[in-house]
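In what follows, a single structure is set out as structure tokens and then discussed.
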Amino acid sequence: MTTYVALLRAVNVGGTGVLPMADLRALAERLGFAEVRTYIQSGNLVLRSALPADVVKATLERALAARLGKPVAVMVRHAEELAAIVAGNPYPEAAPARVLVLFVDAPPPAPTAAKLAALVPPGREQLTLRGRELFIFFPDGMGASKLKVPLVDVGTGRNLNTVRALLALATAPAIAPATAEAKTKTPPKAEAKTKARPKAKARPTA
């Protein structure tokens, strides 16, 4: 079985695509995935499956569309890919909260990739495309940036802190099978044994 991380696009953002994480876990478990876990509220799912990544993606997307009544894109990476993404961060000196990793399904075509750098104002944000991931460094934080994030309409982004947390979750020891809560038997309290006092013998009367 392979450990996968599934990243849902546009879930619990701006009041749209509302999906409680407990419901997401239950949905994934009904689909037959094992060791299902979620991380925070932005649609981050860790699971195990014997299915290939493209089938995991398609299975989740169909079920989510039925649940939410609209298409939901899901980007899937296995744990080894996520480890390579974290190790390959092109901005190791930057605060991880200021590095966005944008995940897409396939590497952008060459003309699109060539245009990406031109979108970034000189001296501010920095952008690096590596395969199916686009790294963006926001020196002043995302909230202060005026950059229109490229590829966001076809992918989904997570800051590096979240990506690292998902990697830790995906590589954590396997979840032990659920077991019934152990019943601790409290030894019965020893009943206080009271010894009956011997009846006083009647004194002979004169």
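Here is a check on your reading of the model: is LEU100 modelled with pLDDT under 95 and over 15 Å from the mean Cα position of the chain (by Cα)? Spelling it out, it is not the case that LEU100 is modelled with pLDDT under 95 and over 15 Å from the mean Cα position of the chain (by Cα).
Of all residues in the stretch 113-138 being touching a strand residue (DSSP E or B) at 6+ places or on another chain (Cβ under 9 Å) and assigned to a helix (DSSP H, G or I), which is modelled with the lowest pLDDT? It comes out as ALA117. Can you spot a residue in the stretch 97-114 that is surrounded by fewer than 16 Cβ atoms within 10 Å (Cβ to Cβ), in contact (Cβ under 8 Å) with a residue 40 or more places away in the chain and closer than 26 Å to ASP140 by Cβ? Yes, that holds for at least one residue.
For the stretch 46-59, taking the residues that are touching a helix residue (DSSP H, G or I) at 6+ places or on another chain (Cβ under 9 Å), among the aliphatic types (A, V, I, L, M) and within 14 Å of GLY32 (Cβ to Cβ), the one that is surrounded by the fewest Cβ atoms within 10 Å (Cβ to Cβ) is identified as LEU51.
Would the stretch 78-86 turn up any residue that is closer than 22 Å to GLU125 by Cβ and outside any helix (DSSP H, G or I)? Checked against the condition, which is being closer than 22 Å to GLU125 by Cβ and outside any helix (DSSP H, G or I), the stretch 78-86 yields no hits at all.
Restricting attention to the stretch 72-96, the residues that are over 20 Å from the mean Cα position of the chain (by Cα) and exposed (fewer than 13 other Cβ atoms within 10 Å of the Cβ) total 2.
On inspection, ARG9 qualifies as buried (at least 18 other Cβ atoms within 10 Å of the Cβ) and modelled with pLDDT under 95.
The values are calculated or read from the model by the stated rules, or taken from the named source; none is laboratory data. Predicted model only: the values in this text are computed from it and were never measured. Heads up, the Cβs are rebuilt from the backbone with ideal geometry, glycines too, and the neighbour counts pull from every protein chain shown.
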